[in-house]
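The values are calculated or read from the model by the stated rules, or taken from the named source; none is laboratory data. Everything numeric in this text was worked out from a predicted model, so none of it was measured. Glycine also receives a Cβ, built like all others from the backbone with ideal geometry; neighbour counts cover every protein chain displayed.
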Amino acid sequence: MDMKITSRLLIMMFVQYFMQGAWNMTMGLVLSTYGMANIIGNAYALLGIATIISPLFIGMVADRFFASQKVMGALHLINAAVILCVPQFIEAQNSGMTLFMILLLGYCFIQQLRFLIASASLILMV
């Protein structure tokens, strides 16, 4: 395999996992700092529920109707919009919308992009 493609895939995978770890590990600290400590458990539980549900729907769409790269790009744009909205809801202490945004973030981001990255990488490697 070409070294240029290999280095691009390595960078893509590193950025993907780094981006997930950057906000996921500090979510509880941010919520407790802004006085929303009572929803920390719910937020992490919703991430788990979203990762169970998301392959059923997004995986089906990605496999049958669209290319993995296009679905991955669309999910990244949705996640960027959600991540921009979350701090506003946290500062307003709107726990319902904060939990919904965290659910949406987990639904579109956590598990699904891992599989799409692996699929896109395998296509490029062949």
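Which residues, taken from segment 16-28, are assigned to a helix (DSSP H, G or I), without any contact (Cβ under 8 Å) to a residue 12 or more places away in the chain and under 25 Å from residue 93 (Cβ atoms)?
Pass one, segment 16-28, residues assigned to a helix (DSSP H, G or I): 16-24, 27-28.
Of the ones still in play, those that are also without any contact (Cβ under 8 Å) to a residue 12 or more places away in the chain are 17-19, 21-22.
Listed by number, the list holds a single entry, 22.
Collect the residues in segment 1-28 that are of a type in the set (A, V, I, L, M, F, W, C), over 18 Å from the mean Cα position of the chain (by Cα) and exposed (fewer than 10 other Cβ atoms within 10 Å of the Cβ), keeping them in residue-number order.
1, 3
Among the residues of segment 98-114 satisfying the criterion of being at pLDDT 90 or above and among the aliphatic types (A, V, I, L, M), which is nearest to residue 83 (Cα to Cα)? Full working, then the answer.
Initially, segment 98-114 is screened for residues at pLDDT 90 or above, giving 98-101.
So of that shortlist, the ones also among the aliphatic types (A, V, I, L, M) come out as 99, 101.
Details: 99: 12, 101: 8 Å.
The residue in question is 101.
Could you pull out the residue among 59, 41 that is assigned to a helix (DSSP H, G or I) and without any contact (Cβ under 8 Å) to a residue 12 or more places away in the chain?
Just a single option satisfies the conditions, and that option is 41.
Only one residue in 47, 31, 75, 9 is in contact with a helix residue (DSSP H, G or I) (Cβ under 6 Å, 6 or more places away or on another chain), over 19 Å from residue 106 (Cβ atoms) and assigned to a helix (DSSP H, G or I). Which one?
9
Restricting to segment 78-98, name every residue that is in a helix (DSSP H, G or I), over 15 Å from the mean Cα position of the chain (by Cα) and surrounded by fewer than 16 Cβ atoms within 10 Å (Cβ to Cβ).
87, 88, 91, 96, 97
Give me the pairs, please: first residue somewhere in segment 62-86 and on the phi < 0 side of the Ramachandran plot, second residue anywhere and in a helix (DSSP H, G or I) and among the hydroxyl-bearing types (Ser, Thr, Tyr), beta-carbon distance under 8 Å, and either six or more positions apart or on two chains.
Hits for this filter: 62/68; 62/119; 68/119; 86/98.
Looking at 62, 74, can you tell me which residue is of a type in the set (A, V, I, L, M, F, W, C), surrounded by 17 or more Cβ atoms within 10 Å (Cβ to Cβ) and closer than 20 Å to residue 12 by Cα?
It is 62.
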